[in-house]
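Data first, discussion second: the structure below is written as structure tokens.
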Amino acid sequence: MAEAYQVVRDATESLQSLLLGATAAGGVLQGVFVEAAVPYEGYTPAHTPALTLFLYQVLENTTVRNRDRTRMPDPNAAADDPARFIESEPPMGLELHYLLIPWHATPLDEHELLGRAMHYLYGNRVVHAVNLAGYLREQEATLAIQLQTEADCTLDQLSRLWDAMGRSFKLSLSYRVRGVYMESPEVMGAGRVLDRVIGYRQESGGAP
């Protein structure tokens, strides 16, 4: 059984598998080498043409922060106590940000490779659980893949990212992936109500 902390790895593995699915004979990325890696100074893919999938940022998806706690029957409760439940904090929604980097013989070849990858991902921008790895499959998650706009990731931000890796700027695509949720490890017991005490008092100065 996969663990909740593996969701980031599972998301990257799922995206890599998605791209690899197009590299077989007849695929739009036929013969392309695909790997998840950090393109630090001196890095080159083992083979070309190639696409490198680089996870450069993980953020909390704040749009799902205020979801309700989950409540379910306690699997460890006694058979005669079906009303006992466990509660947990809502899962933390994540946004994963990737660079997709082409490597080929010439700049024009890289442009074509990038176009092929962009076209393929646009047609597969929603990825259902059957095509996901590990914990995401068990969660029956659905990933949404979106090419970021200039407002999401500016040219200056990309340039500084390449500088931090000690490399000259290289053409790449920035993608945002949503639908990744990390379950909370905190579990709270919530038993049935056995007794209820109701009290009252009469306030002085009330009407006769």
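Screening segment 97-191 for strands (runs of 3 or more DSSP E) wholly inside it with 3 or more residues that are within 23 Å of Leu29 (Cα to Cα) returns the ranges 143-147, 173-182.
Name the residue, out of Thr23, Thr44, Thr12, that is of a type in the set (S, T, N, Q), free of Cβ contacts under 8 Å to residues at least 60 places away in the same chain and closer than 27 Å to Ser159 by Cα. Quick ask: steps written out before the conclusion?
Details: Thr23 fails: closer than 27 Å to Ser159 by Cα; Thr12 fails: free of Cβ contacts under 8 Å to residues at least 60 places away in the same chain.
Answer to the selection: Thr44.
Of everything listed in (1) closer than 14 Å to Val8 by Cα; (2) among the acidic types (Asp, Glu); (3) exposed (fewer than 12 other Cβ atoms within 10 Å of the Cβ), the single unmet condition for Asp156 is (1). For residues that are buried (at least 17 other Cβ atoms within 10 Å of the Cβ) and among the aliphatic types (A, V, I, L, M), tally how many sit in segment 11-40. Total meeting the criteria: 8. Is it the case that segment 50-63 has a residue that's within 13 Å of Val180 (Cα to Cα) and part of a loop (DSSP other than H, G, I, E, B)? Taking every residue of segment 50-63 in turn, at least one turns out to be within 13 Å of Val180 (Cα to Cα) and part of a loop (DSSP other than H, G, I, E, B).
Read-outs throughout are calculated quantities, based only on the coordinates presented, and are distinct from any laboratory measurement. This is a predicted model, so every value here is computed, not measured. Note that we place each Cβ from the backbone using ideal geometry, even for glycine, and neighbour counts take in every protein chain shown.
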